[in-house]
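What follows is one structure encoded as structure tokens, with my remarks underneath.
The values are calculated or read from the model by the stated rules, or taken from the named source; none is laboratory data. What you are looking at is a predicted structure, and each value in this text was computed from that prediction instead of being measured. Don't worry about glycine lacking a Cβ; one is built from the backbone with ideal geometry, like all the others, and counts go over all protein chains shown.
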Amino acid sequence: MEKTYNFKEVMSKEERLAPGHRMCAGCGGTVTVRAVLRALRPEDRAVVGNATGCLEVSSFMYPFTAYEDSYIHNAFENAGATLSGVETAYRVLKKKGKIDDTFKFITFGGDGGTYDIGFQSLSGAMERGHDMVYVCYDNGAYMNTGTQRSSATPQYADTTTTPAGKVSDGKVQVRKDLTAIMAQHHIPYAAQTTFTSNFKDLHTKAERAIYTPGAAFLNVMSPCPRGWGYDPSELMTICKLAVDTCYWPLYEVIDGKWVLNYVPKKKLPIEDFLRPQKRFKHLFKPDKEELLAQFQTEVDRQWEALRRRCEL
Amino acid sequence: MAIRERLSGNEAVAYAIKQINPDVMPAFPITPSTEIPQYVANYIANGDIDTEFIHVESEHSAMSATLGASAAGARALTATSSCGMALMWEELYVAASDRLPIVLALVNRALTGPININADHSDSMGARDSGWIQIYAESNQEVYDNFLQAFPIAEDPRVHLPVMICQDGFITSHGVENILLVEDEKVKDLVGEYHPEHFLLNSKEPIAVGPYAVSNYYMETKRGQREAMINAKEVILELAAKFEEMTGRHYGFFEEYAMEDAEYVIVIIGSAAGTCKAAVDKIRQTAGKKVGLCKIRVFRPFPEEELAQALKDRKAIAVLDRSEMFSATGGPLGAEVRAALYGAKSQAETVNYLYGLGGRDITVEDFEKVYGRLEEIARTHEIPDMYEYIGLRSR
Amino acid sequence: MKSTEINEKSPWQDITEGNKIFEPATSRHFCTGEWRTSTPVFDEEKCKQCLLCFPVCPDSSIPVKDGKRDDFDYDHCKGCGICAKVCPFGAITMKEGK
């Protein structure tokens, strides 16, 4: 479907997210937005949707919009439904001959707005099969309100509502596997990705998601230096460690077929991903080896399950 | 020639939707408004209209998708009742603040606690501060006529506000009555083609909708909404005049019934006005007492001056509310009418009664009692029961 | 009303209807460069134009034209330093301050 990935050519495409937004220095969220919008064909217009969250309050703070395309924010829990209304309007206005340009529909939500409060609205939009892409920029907590736990928060993470303390080791539960849940909606395309040095994985998936007719879901791990507690300049190192420890596997589900896009030559221990992040600091205190071992077991279990799925 | 039909209120609204042929209708089933999307789905299934239906998974998503469609440049609407509207609450405010000309067919039903499916106004009265225009109906004819006027009011550049067309659950929504339908061409003339000035799908002008607005902008934004609501008054009357010219049926902010010389007046909203009219006729015929009725059609914007003018020199007034607001002093209509009368320095004795909650019947005899009490209050200038439920069992 | 004419002193009559903005990318008028506590310095000599720095910038502050990057957009660069870390050729160094 898409051409061979030509890095230089892709990077020379017109920028669709303007600077001047108020996201924190080093934010992974806008790196995601730029990369996804870059996959649009230059001749196509887009309507960008957005759930309430860091991205929304920072990228459209009246009267400053950071978008080259039309943009709509409605509320926290309804990015899926809102864009499904826009997409339906597009179909009917085209049918009635009132517009003739090609528009694509992409909506962004953080993990809070996607895994939790916006879950129903997202599920509805995917089930109905609107020709749209829902992109979750997953940073694993409610960062906009100050790092509260979401169902995307990894186990044992220290957040402001699951603080590690004398009798607490941080978040109790493991993450919800949203990408798999979305794939089970029998949508034509669902994928999980993050930033790799040449951005091929993310770009290719965004392009597929946008240009596959029907509903598509992209889950993009988008690190948050503030919430995770690492130096902002280390964004790409953190992403690489997430992928090489198999904490965040890169895969896609195309028409129900599960495809693993990357298998690390040497699978690194999960400690390598956890150690640079302050939110896991308490796991490296004496007597916590058991928790680390348990974390590793869970990563291994999920990784093996994914591999089995992808072999079928 | 107008078409004579026998339709329920829900059928009448659905028929109006068919005549308007809007672009997008997201909706979710809830009693007693469910029939409206059902009828529309049938029209679509049979190719009568080319509206796109969105089978949303909740009322919150219904209003969210309606809002998205409207911002995109489509003529969009939805229908709901009661808890469905409560679930939309947040979105009602967003739609009004975004200044989107959405229309909502509301079939009034009591809010849950306990669950109850019958008529009262707790749903729409709770949304009275959301920035929507609210127009109420006594009969199937009125809800049909109101619905035809809704989009032109909402879409007028002086207004650009969402409009809620309300009718009483089951009483009019399911009650079949004779109705006069307007011819299709006349409806098209009245409603017109929708050409939004700014919309998401205009490739020549990308727009951004729904910002984060800090306190330096929020208050100015609200003032803009208020201006639109003020403008809505003249637009509503212009539409009513146009409609009257077309059909001969007269509409205003409220209907005055036997009010020329009335000394004792009931102010009410919705279908119970029909029962009240019967009481007025009976009392005037049998006792010759000067009783009258003022039926509110437009509750938002609130026609404060006009209403005060119509009421201020009467002897005694009973404002009847079909929803509680638990201020422990009365209902929402009572509060606003009394405020209007205070502003007009009215000397009329005024009471506020609650009736019909959760579908409780109100009868001609109940209204007769209210008029009797008004007479008593005017004579004694004593108000023993300022805030009372009509038809309540009590020990 | 153009977005550049709207500011925190605008009267209510000048606030756009529904707070909609009828132009794209107006955030360019807001300078986030002020936020910097450290600044990337671009060494054109050392740069091999590999462009690996371009997609990692959260602030679209590395202008690329015809496959080649230019100096930083200091009006908007927040100085996060991601670009300096990914440069394989040492063409970007971070210096303290603005």
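So B:Leu307 fits all but one of (1) modelled with pLDDT under 95; (2) closer than 27 Å to B:Ile230 by Cβ; what number is the exception?
Unmet for B:Leu307, out of (1) modelled with pLDDT under 95; (2) closer than 27 Å to B:Ile230 by Cβ: (1).
Could you please give the count of residues in the stretch C:32-56 that are within 12 Å of chain A (Cβ to nearest Cβ), closer than 16 Å to C:Lys85 by Cβ and of a type in the set (Phe, Trp, Tyr)?
The total comes to 1.
Have a look at B:Tyr251, B:Tyr257 and point out the one that is under 24 Å from B:Gln347 (Cβ atoms), at pLDDT 95 or above and of a type in the set (Ser, Thr, Tyr).
B:Tyr257
List the number of the failed condition for B:Val182; all other conditions in (1) away from every other protein chain (no Cβ under 14 Å); (2) surrounded by 18 or more Cβ atoms within 10 Å (Cβ to Cβ); (3) under 20 Å from the mean Cα position of the chain (by Cα) hold.
Exception for B:Val182: condition (3).
Output the residue which, of all residues in the stretch B:93-125 that are of a type outside the set (D, E, K, R), under 13 Å from the mean Cα position of the chain (by Cα) and within 22 Å of B:Ala65 (Cβ to Cβ), is surrounded by the most Cβ atoms within 10 Å (Cβ to Cβ).
Per the criteria, the residue is B:Val107.
Inspect the stretch B:217-232 for any residue being in contact with a strand residue (DSSP E or B) (Cβ under 6 Å, 6 or more places away or on another chain), closer than 24 Å to B:Val182 by Cβ and not assigned by TED's automatic domain parsing to the domain that holds B:Asp281 and give the result as yes or no.
Yes, the stretch B:217-232 contains at least one residue that is in contact with a strand residue (DSSP E or B) (Cβ under 6 Å, 6 or more places away or on another chain), closer than 24 Å to B:Val182 by Cβ and not assigned by TED's automatic domain parsing to the domain that holds B:Asp281.
Hey, among B:Glu90, B:Glu57, B:Glu5, which residue is in contact (Cβ under 8 Å) with a residue 60 or more places away in the chain and either surrounded by fewer than 24 Cβ atoms within 10 Å (Cβ to Cβ) or assigned to a helix (DSSP H, G or I) (or both)?
Checking each option against the conditions leaves just B:Glu5.
Output yes when any residue across the stretch B:228-236 is aliphatic (A, V, I, L, M), surrounded by fewer than 21 Cβ atoms within 10 Å (Cβ to Cβ) and under 30 Å from A:Thr82 (Cβ atoms), and no when none is.
yes
Of the conditions (1) over 20 Å from the mean Cα position of the chain (by Cα); (2) crowded, with 19+ Cβ neighbours inside 10 Å; (3) not in a loop (DSSP other than H, G, I, E, B), B:Lys369 fails just one. Which one is it?
Single failed check for B:Lys369: (2).
Kindly indicate whether any position in the stretch A:219-238 is surrounded by 17 or more Cβ atoms within 10 Å (Cβ to Cβ) and over 23 Å from A:Thr147 (Cβ atoms).
no
Exactly one of these conditions fails for B:Gly248: (1) loosely packed, with under 15 Cβ neighbours inside 10 Å; (2) on the phi > 0 side of the Ramachandran plot; (3) touching a residue at least 24 places away in the same chain (Cβ under 8 Å). Give me its number.
Result: B:Gly248 passes all but (3).
Looking at A:Val174, A:Val259, A:Val243, A:Val253 in this structure, which one is β-branched (Val, Ile, Thr), assigned to a loop (DSSP other than H, G, I, E, B) and more than 14 Å from every other protein chain (Cβ to nearest Cβ)?
A:Val174
I'm told C:Val41 meets every condition in (1) farther than 23 Å from B:Val94 by Cβ; (2) at pLDDT 95 or above; (3) out of contact with any Lys or Arg (no Cβ under 9 Å at 6 or more places or on another chain) except one. Can you identify the failing condition by its number?
(3)
With A:Arg226, A:Arg279 as the choices, which residue is under 22 Å from A:Val31 (Cβ atoms), more than 14 Å from chain C (Cβ to nearest Cβ) and of a type outside the set (Asp, Glu)?
Answer to the check: A:Arg279.
Out of B:Leu87, B:Leu111, B:Leu106, report the one residue that is over 18 Å from A:Gly49 (Cα atoms) and in contact with a His (Cβ under 9 Å, 6 or more places away or on another chain).
Result: B:Leu87 is the single residue among B:Leu87, B:Leu111, B:Leu106 that is over 18 Å from A:Gly49 (Cα atoms) and in contact with a His (Cβ under 9 Å, 6 or more places away or on another chain).
Six or more apart or on different chains, Cβ atoms under 8 Å: show the pairs whose first residue is in the stretch C:64-89 and closer than 15 Å to C:Glu44 by Cα and facing chain A (nearest Cβ under 7 Å) and whose second is of a type in the set (S, T, N, Q) and buried (at least 19 other Cβ atoms within 10 Å of the Cβ).
Listed pairs, sorted by first residue: C:Asp73/C:Ser60; C:Asp73/C:Ser61; C:Ala84/A:Ser233.
Report, by residue number, each residue of the stretch A:141-177 that is aliphatic (A, V, I, L, M) and either in contact with a Ser or Thr (Cβ under 6 Å, 6 or more places away or on another chain) or surrounded by fewer than 16 Cβ atoms within 10 Å (Cβ to Cβ) (or both).
A:Ala141, A:Val167, A:Val172 - these are the residues of the stretch A:141-177 that are aliphatic (A, V, I, L, M) and either in contact with a Ser or Thr (Cβ under 6 Å, 6 or more places away or on another chain) or surrounded by fewer than 16 Cβ atoms within 10 Å (Cβ to Cβ) (or both).
If a residue counts only when it is more than 7 Å from chain B (Cβ to nearest Cβ) and over 29 Å from B:Asn21 (Cα atoms), which strands (runs of 3 or more DSSP E) contained entirely in the stretch A:38-147 have at least 2 such residues?
Qualifying strands (runs of 3 or more DSSP E): A:103-110, A:133-138.
Go through the stretch B:126-147 and give me each residue that's aliphatic (A, V, I, L, M) and surrounded by 24 or more Cβ atoms within 10 Å (Cβ to Cβ).
Matches in the stretch B:126-147: B:Ile133, B:Ile135, B:Ala137, B:Val143.
With the structure loaded, tell me whether A:Gly129 is modelled with pLDDT of 95 or more and over 30 Å from B:Glu193 (Cβ atoms) or whether it fails that test.
For A:Gly129, the condition - modelled with pLDDT of 95 or more and over 30 Å from B:Glu193 (Cβ atoms) - is not met.
Scan the stretch B:197-224 residue by residue and report those that are at the interface with chain A (Cβ under 8 Å from one of its Cβ atoms), assigned to a loop (DSSP other than H, G, I, E, B) and free of Cβ contacts under 8 Å to residues at least 12 places away in the same chain.
Passing the criteria: B:Ser203, B:Pro206, B:Ile207, B:Pro211, B:Ala213, B:Val214.
Can you name the residue in the stretch B:173-196 that is touching a Pro at 6+ places or on another chain (Cβ under 8 Å) and outside any loop (DSSP other than H, G, I, E, B) and is also nearest to B:Ala95 (Cα to Cα) among such residues?
That would be B:Val191.
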